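Worksheet: one structure, shown below.
Derivation of every value follows stated rules applied to the coordinates shown; laboratory data play no part. These figures come from a predicted structure and were not determined experimentally. Every residue, glycine as well, gets a Cβ built from its backbone with ideal geometry; the counts of neighbours run over all protein chains shown.
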């Protein structure tokens, strides 16, 4: 989008010359013969930049600059002044003018100053956008709850966030382990550095080493170029190893070395690379039992478990269910632009008494579904799934839209039910559904099931 510039000078030849040069650079340029005329234009049009003389009849440039500051903080200003008035120009700079240029005007110098000024302005806007994004993302990180069980978690986060200690987050699937990992990162001194998530259960055994540590070109069939791994991507920040219990045994020893020595070796090389990052891991498995069963290295378990944050289930924090439910109602009514004001007491009672096998993730899905079907001011029990009301089936077998849409809906319901029955353990779910793990992951992506 073309920038709009207002040129203000009582000398016509200067106005026209500046306008001609700026127009050739594709700027939109208006002219004003004095400060009063310029101010009238500013009341009607927003300009990105005002280039003004200081000594003018009817309204001096200094008075115009004061009015511009009061009118729009987004409008940049450049003063054009004679050498004899340089002190006035410097005083204007101290009061907020963006830049100045001396008469006779060197057009190349002016264009350089204008271009640089707009580049700085763009950077400031981009920085503000990024700050707003960070603010919004950190607001989304808020962990909801006031129960004694969740307050223990808050206390640990506050105590360990700014340390370098490795943290192991344990708890059932759906209890919010990634949210806690993000809270640890974004309240630490590494908060402005990368936060990288590695889902150890979603990457096949033959690829996870390459994904984690990277590889050199030709290291294996298909390695057509060098690749930086998650370890390099997270440098200076936090590496979150989700579902660490799924990591293959042969890779666990290499991860242990990376954590202890803060260095790793990409696949296909013999040279170690140093890394500066914090490790946070999570699991829904009992790693102590996995160690006994020979599925997890004891030394890695103790290295990860420097600090353990055990997340309570909803059964242990029932008093938080109304807070969480209202939070999700507010989230999804805004997303769907619906005027829903809350939930009826009866509907809330059903939520509090429900056996949440899928934990907070299941609660969020139920609220999202209820928002979709609710056309009243308050969500009622009729908007909840049949399974809440004592029905035999969690699915409604009535045709919903086209055959293809109905099949997708039933497929989604079946997969969700199987996940909930297995505490969101994907391997057990795939086994129960008699499909391969990769097929299950593909279905989760196709049906937009976030687990």
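Of note:
- With the convex hull of its Cα atoms as the shape, segment 4-133 has an orientation-averaged projected area of 7.9 nm².
- Estimated FRET transfer efficiency when R0 is 41 angstrom, pair residue 102-residue 192 (beta carbons, to 0.05): 0.50
- Computed Rg/Rh of segment 145-312, alpha carbon atoms with Kirkwood Rh: 0.98
- Ranked list, fewest to most other Cβ atoms within 10 Å of each Cβ, for 328, 373: 373, 328
- The angle between the Cα long axis of helix 12-24 and the main principal axis of the chain comes to about 30°, on a 0 to 90 degree scale.
- Value of [θ]222 nm, deg cm²/dmol, for the chain, DSSP H segments ≥ 4, -39500 (n - 2.57) each, nearest 500: -15000 deg cm²/dmol
- DSSP beta bridges fully contained in segment 145-312 are about 15 percent antiparallel.
- Per residue, the average separation of C-alpha pairs within less than 8 Å and at least 6 apart gives segment 145-312 a relative contact order of 33 percent.
- Equivalent ellipsoid semi-axes - Cα gyration tensor, the chain, angstrom: 57, 32, 21
- The chain: relative contact order in percent, alpha carbon pairs under 8 Å with at least 6 residues between: 11 percent
- Cα long-axis angle, helix 403-421 against the chain (0 to 90 degrees, to the nearest 10): 70 degrees
- Alpha-carbon spread of segment 315-392, three principal axes, descending order, Å: 32, 26, 20
- Ordered by the number of other Cβ atoms lying within 10 Å of each residue's own Cβ, fewest first, 53, 330 fall into the sequence 330, 53.
- Looking at the chain, the DSSP beta bridges with both ends there are about 5 percent antiparallel.
- Take every pair of alpha-carbon atoms less than 8 Å apart whose residues are at least six positions apart; their mean separation over the length of segment 4-133 yields a relative contact order of 20 percent.
- Which of 299, 26 has the fewest Cβ neighbours within 10 Å, and the rest in rising order: 26, 299
- Helix 177-186 and the longest principal axis of the C-alpha atoms of the chain enclose an angle of approximately 30°.
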